[in-house]
Amino acid sequence: MDKLKDFIIYYCEPDKQELDFILRKFSFQTVRKGKHILRKGQVCNKLVYTEKGNFRTYYKDENNKDITTWIAFDDMLAIEPASFFTQQPTKFNIEAIADSEIALILYKDLQQLYKDIPIFNEFGRKIAEERR
């Protein structure tokens, strides 16, 4: 959880009470290599922080060949930005390419945090500006 704390603090500076509140909204999971956390046609409704491991974002071309467009490493987000920010179905897949440990927060919970903790809006804005 220390890596997640540092990640949040990098983007915004919540006080200790705010940070504790934010962290309680995240859940932690292990994702095995080969498991998908997002598939074409789904809505990316989770902000996924990679504490340890790797994910690839890819699509299938007209010849059904995998085309990788993004790789997330430790201390990065594994999301499909267009789908996440618009809450529309994606054309991409996100697959673990190594056994991974993640922290995630649902889109709706993230939106509530923006309302409850104004400084946290800076977190969302900076992430949106930084991604693709």
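Below is a table of values for the structure above.
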| read-out | value |
| --- | --- |
| Residue match in the stretch 109-119 (condition: in contact with a strand residue (DSSP E or B) (Cβ under 7 Å, 6 or more places away or on another chain), assigned to a helix (DSSP H, G or I) and over 15 Å from T57 (Cβ atoms)) | yes |
| Members of the stretch 77-132 that are among the hydroxyl-bearing types (S, T, Y) and either under 16 Å from Y11 (Cβ atoms) or in contact (Cβ under 8 Å) with a residue 40 or more places away in the chain (or both) | S83, T90, S100, Y107, Y114 |
| Those residues of the stretch 90-109 which are open to solvent by less than 60 Å² (accessible area, probe 1.4 Å), over 11 Å from the mean Cα position of the chain (by Cα) and not β-branched (V, I, T), in sequence order | F92, N93, E95, A96, A98, S100, D109 |
| Selection status of I71, within 15 Å of the chain's Cα centre (by Cα), exposed (fewer than 14 other Cβ atoms within 10 Å of the Cβ) and of a type in the set (V, I, T) | yes |
| Number of positions in the stretch 2-35 that are touching a helix residue (DSSP H, G or I) at 6+ places or on another chain (Cβ under 8 Å), charged (D, E, K, R) and assigned to a helix (DSSP H, G or I) | 2 |
| Count of the stretch 1-27 residues which are surrounded by 12 or more Cβ atoms within 10 Å (Cβ to Cβ) and closer than 23 Å to E130 by Cβ | 16 |
| Failed criterion for D74 (all others in (1) within 30 Å of K16 (Cα to Cα); (2) not in a loop (DSSP other than H, G, I, E, B) hold) | (2) |
| Single residue of the stretch 36-56 satisfying the filter (in a strand (DSSP E or B) and open to solvent by 60 Å² or more (accessible area, probe 1.4 Å)) that is farthest from L106 (Cα to Cα) | K52 |
| Candidates Q87, Q112 - the one that is on the phi < 0 side of the Ramachandran plot, exposed (fewer than 15 other Cβ atoms within 10 Å of the Cβ) and among the polar types (S, T, N, Q) | Q112 |
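The values are calculated or read from the model by the stated rules, or taken from the named source; none is laboratory data. All figures in this text were calculated on a predicted structure; none of them were measured in a lab. Every residue, glycine among them, receives a Cβ derived from its backbone with ideal geometry; neighbour counts consider all protein chains shown. Heavy atoms of the whole protein, side chains included, go into the accessibility calculation; ligands, DNA and RNA do not. Shrake-Rupley method; radii C 1.70, N 1.55, O 1.52, S 1.80 Å.
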